[in-house]
Amino acid sequence: RTQATNALYNITCGGISRLDAGLNRAFDEMTGPRRVAGHTPAVILLTDGDDPESRFRFDEVLEYARRTGVTIYAIGLNVPSKPVDAGMHLDQLARETGGRSFRIRRANELASVYETIRQELRSQYLLAYQSSRLDGSTAFREITLEVLRPGVSARTLPGYYP
């Protein structure tokens with residue numbers, strides 16, 4: 001195993017988590033001057049989904065995620081069934097940013113989830129187009145991606161901000 005893999009296996013957690021603050025910090029770090037051109041940044045979020053000390057509403061965090069263009073892969077470890085929206089928020093963050101959401105019960109399931117994420121990140125393609133809408137609007141623009149080849153699927157963002 002690599003040094004990074006060993007570090008992930010040896011993480012221990014405790015205390016109150018600040019999911020919103022952690023995500024906002026990651027977004028700031030990944031969209032600043034150190035962002036590599038042509039690369040889509042991704043966050044792998046390992047959480048129980050609970051955020052009792054949140055300073056932001058979920059819709060604010062989601063909006064910030066959409067605007068930054070950072071892909072979120074959310075891994076819910078023992079996500080509680082109450083509040084119900086804890087797991088739903090992880091699913092929505094992943095879906096709205098072009099990532100995926102995973103639910104696991106044990107830490108020993110992480111290796112296969114990380115491998116799935118690694119494969120997805122290595123098999124991404126960048127599709128670009130020139131919008132015919134030149135009205136200067138900064139509103140969210142929905143997009144649809146259709147794959148015409150039978151048996152092939154693609155996942156993308158639901159839209160973007162110009």
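The values are calculated or read from the model by the stated rules, or taken from the named source; none is laboratory data. On a predicted model such as this, the values are computed, not experimentally measured, just so you know. Cβ sites come from the backbone with ideal geometry, for glycine too, and all protein chains shown count toward neighbours. Ligands, DNA and RNA are stripped out before the accessible areas are found, and what is left, the full protein with its side chains, is counted by its heavy atoms. Shrake-Rupley method; radii C 1.70, N 1.55, O 1.52, S 1.80 Å.
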Restricting to the range 61-70, name every residue that is farther than 13 Å from HIS89 by Cβ and open to solvent by less than 10 Å² (accessible area, probe 1.4 Å). VAL70
For the condition over 24 Å from PRO41 (Cβ atoms) and polar (S, T, N, Q), what is the one hit in SER101, SER132, SER123? SER132
GLU146 being assigned to a loop (DSSP other than H, G, I, E, B), open to solvent by 60 Å² or more (accessible area, probe 1.4 Å) and not hydrophobic (A, V, I, L, M, F, W, C): yes
Expected single match for surrounded by 13 or more Cβ atoms within 10 Å (Cβ to Cβ), out of contact with any Ser or Thr (no Cβ under 6 Å at 6 or more places or on another chain) and in contact (Cβ under 8 Å) with a residue 12 or more places away in the chain among GLY87, GLY98 is GLY87
Scan the range 126-152 for residues that are modelled with pLDDT of 85 or more and small (Gly, Ala, Ser) and jot them down. GLY151
So which helices (runs of 4 or more DSSP H) stay within the range 3-101 end to end and still have 2 or more residues that are modelled with pLDDT of 85 or more? 58-68, 85-96
